[in-house]
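The values are calculated or read from the model by the stated rules, or taken from the named source; none is laboratory data. What you are looking at is a predicted structure, and each value in this text was computed from that prediction instead of being measured. With ideal geometry, Cβ positions are generated from the backbone for all residues, glycine too; neighbour counts draw on all protein chains shown.
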Amino acid sequence: MKKLGLFILLILPFAIAPAKCQQKTLPDGLYYANVSYYNYATFVSADYSNLKVRVRDGIVIIVHLVNGGVIHYGVNSENYMYTGGKLSAHADKHTGQVEYTTQVAISNGRNISTYSISILKESPDDPQAEDKP
């Protein structure tokens, strides 16, 4: 019985200690990314370089498009649903450089488009790129 009590006392600090998150993610901010687009209804695909994306809490929440538009999570006037965006970190085996990737899907009930996103580097703050979804 004494051994059980001692065991409980030894493991108690570990049991009640807050868990530490080991997931690597990017700090909140604006980044440049390569984006591959695919529309399942029209079979149209396109690749874009250096699009700006906004990251918050390890999730891509806004993609700035080439035509000046944006897609974003949350309420929108275009009646689409934005899903995905959680970043995954992958280290290159040869260089050790970490690449952050994700996929976002946009659906309006009739059509689904996907955006495969690969973060390149941090973008300098741009006052015209302010966004508040």
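When Val60, Val75, Val55, Val70 are checked against the criterion of being farther than 18 Å from Pro27 by Cα, touching a strand residue (DSSP E or B) at 6+ places or on another chain (Cβ under 9 Å) and not small (Gly, Ala, Ser), Val70 stands alone in meeting it.
Listed conditions (1) touching a His at 6+ places or on another chain (Cβ under 8 Å); (2) at pLDDT below 90; (3) surrounded by 14 or more Cβ atoms within 10 Å (Cβ to Cβ) are all met by Val98, apart from (3).
Would you check if Val98 is in contact (Cβ under 8 Å) with a residue 60 or more places away in the chain and over 17 Å from Thr114 (Cα atoms)?
yes
Restricted to strands (runs of 3 or more DSSP E) entirely inside region 38-93, those with at least 1 residues that are touching a Ser or Thr at 6+ places or on another chain (Cβ under 6 Å), in contact (Cβ under 8 Å) with a residue 24 or more places away in the chain and closer than 17 Å to Ser107 by Cα are 59-64, 81-84. For region 78-95, a residue qualifies if it is surrounded by 11 or more Cβ atoms within 10 Å (Cβ to Cβ) and either farther than 19 Å from Ile62 by Cα or more than 18 Å from the chain's Cα centre (by Cα) (or both), and the qualifying residues are Tyr80, His90, Ala91. Taking the conditions (1) surrounded by fewer than 12 Cβ atoms within 10 Å (Cβ to Cβ); (2) at pLDDT 80 or above; (3) more than 17 Å from Ser116 (Cβ to Cβ) in turn, Arg56 satisfies each one other than (1).
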